[in-house]
Each structure stands twice: as C-alpha cells, then as structure tokens.
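Below is one structure, written out as structure tokens; the observations come after it.
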Amino acid sequence: MKKLSFVALIVFAFAIAANAQLPSAPKMPAGMKGADTKDPRANLKPGLFDAGEAAFGIKHISLLKKPEAFDMGVDPSAPKVGDALKALGIPDPRMIPEKERLAFAGLAFANSDIAFQGNKLFLGNFYGINIYDISTPSKTKLLTSLICPGGQGDVSVHGNLMFMSVEMPNGRLDCGTEGFPPAPMGPMGMGMPAANKDRFRGVRIFDISDIQKPKQVAAVQSCRGSHTHTLLVDPKDKENVYVYISGTSFVRPGEELEGCSGGPPDKDPNTALFRIEVIKVPLANPENAKIVSTPRIFGDEKTGKINVLDDGGSHSNAGRKEETNQCHDITVYPEIGLAAGACAGNGILLDIRDPVNPKRIDAVNDPNYAYWHSASFSNDGKKVVFTDEWGGGMGPRCRENDPDKWGANAVFTLDNNKLKFQNYYKLPAAQTDQENCVAHNGSLVPVPGRDIKVQAWYQGGISVKDFTDPAKPFEIAYFDRGPIDANVLVMGGSWSAYWYNGHIYSSEIARGLDVFELTPTKFLTQNEIDAANSVRFDVLNVQHQERIKWTNDLTVAKAYLDQLERSNALPAARIAAMRQAIGKAEGSTAEAARLNGLAGALTKDALRAKNPKDAHRMRELAEIFRNPAV
C-alpha cells in the first residue's frame, strides 16, 4: 500500500469505505475484547445536524457550521462536488457511484487541526484556514476565511506568523483553486500527477498582522509535502523558530522540485524517504525561511545505514515487518529537550537540544499497533501517550468486534530516556459500521495533581481519560453523536479535541466547530475544573508542549483536597478542617496567613504517604498554605 500514489490511495481508501461496505472486523485475538454495545453512545440516531447525542461530564455549548465556501452541500450532482472530486484526482464524478459521491468529495473540505493564540482560534481545513474569535466561547464567531486548497491544512501560530501544512497534489503556490490536470490513467489505474512548477507541497507561512487579510510571505517546498508539522521554539534562540516537517505522501519528481527522489536507500542514498525536514524561520525576515537540515532519524549513525527501523511485524501486516520511513506527528517538549515522534511503525524519542539536528535516542514498536499517529507528554515529562491510527482514519475501528488493543492509545513511562510500555486505553463505546473511528488528536486538561487528556476519536466522539496511573488509564467524561449517514460511511467526527482556557474545542470534520465545557461528576469535581480553568495560555500549538504551572490560588488547594479525599489519603476530619480554614481565608488576608500553620503537618504527611501522587499533592498543598494567593 505504501507504493501506491496519493491518488490511488484516495481511491483505495474510499473504495473500502464506500463500495466494499467496510472491512469486516478481525477475529478477536486471545485476551482481547471489543467495545461495549450497552454504552449510551452505541446506536445513536444518525444525521448530519440532527444526530442523536450522548454525553457524560461534558456540556455541549455550541456548533458553528462551516462557512459556505467550505460547505460541501447535499446535492451529489452539484458542480462543487465535481470540482472537489477533481481536486482529489478523480477526473470524472461518474467514476464514483452517486450515493457515495458526497462522502468522497467531502474530504476536499474536511476540517483538520487547530491552533490558538489569545482570543483567536485557527481551524485548519483541506480547503484553507478559518480564524475565529473565541473571546466569548459560547458566542464564537468567524473572523476570517482563507481559501487556499492543498490539504490537510494543519496549522500553528507564533507571533504574527501562521504556518500551514500542504501535502496534496492540488496545492498551488498562489493558493488558487483551479488545481492541476488529473493524473493520467494507466494499466494500474491513475498514476502520478505530471510535474508542474506551480505546484506547492510543503509549509506555507502567512503574516497575520492584519487578521482579516493573511498575507503569504513564504512557501517552503519539500519533496513529500507536509502532512503535519511541528513548530519548535528553542528557549535559547530568540531570533528564529523551527518547523519540523512530517511528510507521509509520495515523493514528487525531480523535474518538479530539484533534488527530490524516492528510490530505495541501497540504490539512492539521497532518497527523500527515511527522513524529516527542518525549516529555520528568521523571525525578522520570515521570507528567508528555508530547509536547513534533513535529519536521518530512522538511521544508524555508526553504520551510516538510513533505514534501520521497522514495525517489528504488526497486526496490520500479519506479522510481516515493514520499514519505517516517515513520521506522522512529532510532539516537542523544549523545556526537557525531548520530542516524541509517532512514526508509522515506531514510537520514537528524540533529543532536540540542538533543534536543527534532532537525534533518536530510543524507539519502540508494538505488534498491536498499525500506525503510530501522534503523541503527548504528561506535564512532568515522565509519561508519553501514543495514539494508533489503525486503518488511516477512514474506517470503523471501534465496533463491537474490533479488539480493544488495536486502534487504541498506548501509555509509556520514561526511565532514563527509555520508553517503557504500561497499558492501552481505547474508547469503550461500540460504534457502528457507518462511523469512522480510531484514536486521534488530543491535549492535556490542566487539572493539578492528575494527568488528564481529552482526545478526539473521529465519529467515536470525544473521550476524556485519566492516566495518572499509567497502568490503569480510565475514562472520566465523553461526548458522542450518531453517524452522519444511516447507510454510508461519510468521513466525519472530531479530528482534534483540545482544551484551551476553560473550554474544549473540537474540529468536526464534516459539520464545523464544536465548543464544550467540563461538568462535575464523581470522577472530576467542580474544584478540579475550576483549578484547570485558572490556567491560561497565551498561545497553544498542541505539538509544542510547554510546562503547565499553577498559581497558589486557593482554588487549586481545594482541588488537591478533593483528590486527597478521593484517594483516602488523609482522615476525613483533617480534610474537613482544612476546607473550613480555606473557606475563612478566601477574601481575608489575616485568615489566609493562618493557613501557614497547616503546612508543616502536611509536609510530614507527605513523607509517610503510600502513594507518590498523594505525597506530591500534599507537598503542593503545603506550599500553597505557606504562601496563598488571596
């Protein structure tokens, strides 16, 4: 499948989704189970905008439908549908059965990843980028629509610069919508698109000083295009930012971009496979941005061999090994000098202290993983959650008979920069054959004292899990809708679900932009939600993790107390007394000063605590009592 062209991949994927009526669920491996058909999310009513909904611990605030220019409509014979199919490399709409045409064409207008800056949300789309004002989340409104096709439109922001990934063959340097002539038909079907100097595949850079009129100031071409990218801000370098390009598509011919070749490494040591690209962006002169290195992070420095990683023989290949020649997503954590790469057949760990020359320091694989897709560090940098995009995101992988360890998350701990597997987590609710569902993008929810992540599962909805104990991750909240169509799998659902300044924003592939907020349950108290909401980001590019820090606000203290009560770490009378003291201290400087008297005992309790997490909570609580912010 990796040898197929982009166009063939599209056709292949949709042929599975639309015509073959989906691959049957695999035989259940020993020791695994499928999803729960009794979950309230199973068998919800289908519909585009009137689907049934189920939620626990999450309140749906609003859905903003896509702007008209990004809306596919509902008429399969509409000219817009034909144009979209051409953009995807399908020259004649009649090649697709009419009832499946909309499902096909919708990919050209699919929403993708999200970035945040101040009160603005940047929503990527295969057709461009939409920028929203989220000053009042419940009344989020559209500020700007930038039409610039090329997919998949993943976006990040830094200062007055906005970055956009472009990978598909229909991207033009000038953001034009006319695309290029379809690839010629051959004996094996459609082939590679003809070389064209006007084609753009790589990372676009826009100046957004005028948010109403983004201006493209640079367009950095790359051989495989940019499926995703990672913005890296080096704490030691104030003059530049860096962009890691992850290209997963075919290598364009040298006639189109000089120096590009995609041959096997034993015959072509300059192959564009088996590498990532690093762009250096001078902040004072972003028009001079360029690729400054092509790290061979899948190779062996000692032998010089550039293709030493493989998937070890995963379930998707029936145990046959496949080389790893690409990363899908890389998450950097500059403060600890590490990056976690989700790289096709492997999860890898990179030393990024020299951002231009990242070095692989560990790699793992897993026979239960099909495609390592994305990664998130815990806030302390001691855990990594990887996701597995089994089936590429276009298939239903959360059905009753789909194994619970396939298409799931895998939680690892870090010990001396070595990844150590702990356990899996998968959406527990059974989905239908009409719902593409697999692990996808998410971010941390900043509840102090706990490791919590909100995550998208396409049409499996949104799931919030606690992985404080990496060996026992569990779900604490969710939201889900029924399938878009009752009979056909139409690509849709949540692409990314990210927490940002008190709300969860979800990029809904087919429908628009969803806004949510967390609500208290037995798993998450109002105090914990309030403590999370006390954290404010100025900017959030999720693939660039920054350490979350909490203030000594008494709201945070109350969250720690709730957690110590939940884990029975302190006697109920002690907790009640501390709650009473906090209540008096709120708004009273004199009473707040008396909290200091509780700190010493808590510090001693921490030394005796059986659970390291509880010990941490006690120390943090004691610190707040010593110097409360009131």
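Read-outs throughout are calculated quantities, based only on the coordinates presented, and are distinct from any laboratory measurement. If you're wondering where the values come from, they're calculated on a predicted model, not measured in any experiment. Neighbour counts run over all protein chains shown; Cβ positions are idealised from the backbone, glycine included.
What to note about this one:
- Were the residues from S209 through N401 laid out at 0.36 nm apart, the gain over their Cα-Cα distance would be 64.0 nm.
- In nm, spacing of pseudo-spin labels at V630 and L173 (7 Å Cα→C-beta vector): 6.6 nm
- Gain on full extension, evaluated as 0.36 nm per residue between R320 and K197 minus their Cα-Cα distance, stands at 40.4 nm.
- Axis of helix 612-626 versus longest Cα principal axis of the chain: the two differ by about 60°, to the nearest ten degrees.
- When the P(r) of the range 343-486 is calculated, the portion above 23 Å amounts to 34% of the C-alpha pairs.
- Put simply, when 83-91, 35-43, 222-230, 243-251 are sorted by average Cβ atoms within 10 angstrom per residue, most first, you get 222-230, 243-251, 83-91, 35-43.
- Overall form of the range 228-365 per C-alpha gyration tensor (a/c, 1.5; a/b vs b/c): oblate
- Of every Cα-Cα pair in the range 102-204, the percent that sits beyond 19 Å: 49 percent
- Cross-link pairs beyond the 28 Å C-alpha cut-off, checked among K59/K420; K139/K613; K38/K558; K38/K418; K213/K549; K302/K418: K59/K420; K139/K613; K38/K558; K38/K418; K213/K549
- For the chain, the relative contact order is 14 percent, taking Cα pairs closer than 8 Å that sit 6 or more residues apart in sequence and dividing their mean separation by the residue count.
- Selection from P235, Q212, A183, by position along the positive dipole direction of the chain (Cβ): P235
- Unit charges on C-beta of K, R, D, E only; dipole of the chain, Debye: 1140 debye
- J(HN,Hα) series, the range 133-149, from Karplus relation 6.51 cos²θ - 1.76 cosθ + 1.60, nearest Hz, glycine and proline x: 8, 10, 3, 10, x, 6, 10, 4, 9, 6, 9, 8, 10, 10, 8, 6, x
- Charge-dipole axis of the chain as Lys and Arg at +1 and Asp and Glu at -1 on Cβ define it, positive-most pick from H616, G313, V356: H616
- Farthest toward positive dipole pole in the chain [+1 Lys/Arg, -1 Asp/Glu at C-beta], among N441, A430, A599: A599
- Convex hull volume per residue in cubic angstrom - Cα atoms of the range 455-599: 152 Å³
- Computed on the Cα atoms alone, the convex hull of the chain gives a volume of 157 cubic angstrom per residue.
- The calculated 222 nm mean residue ellipticity attributable to helices in the chain amounts to -4500 deg cm²/dmol, summing -39500 (n - 2.57) over DSSP H runs of n ≥ 4 and dividing by all residues.
- Gap separating the Cα centres of the range 22-73 and the range 552-630, nearest whole Å: 41 Å
- Cα gyration tensor, the range 449-534 - rounded (a/c under 1.5), prolate or oblate: prolate
- The range 566-630: C-alpha gyration tensor shape, a/c 1.5 cut-off, then a/b vs b/c: prolate
- Size check on the range 79-140: the Cα extents along the three principal axes, sorted descending, read 45, 20, 17 Å.
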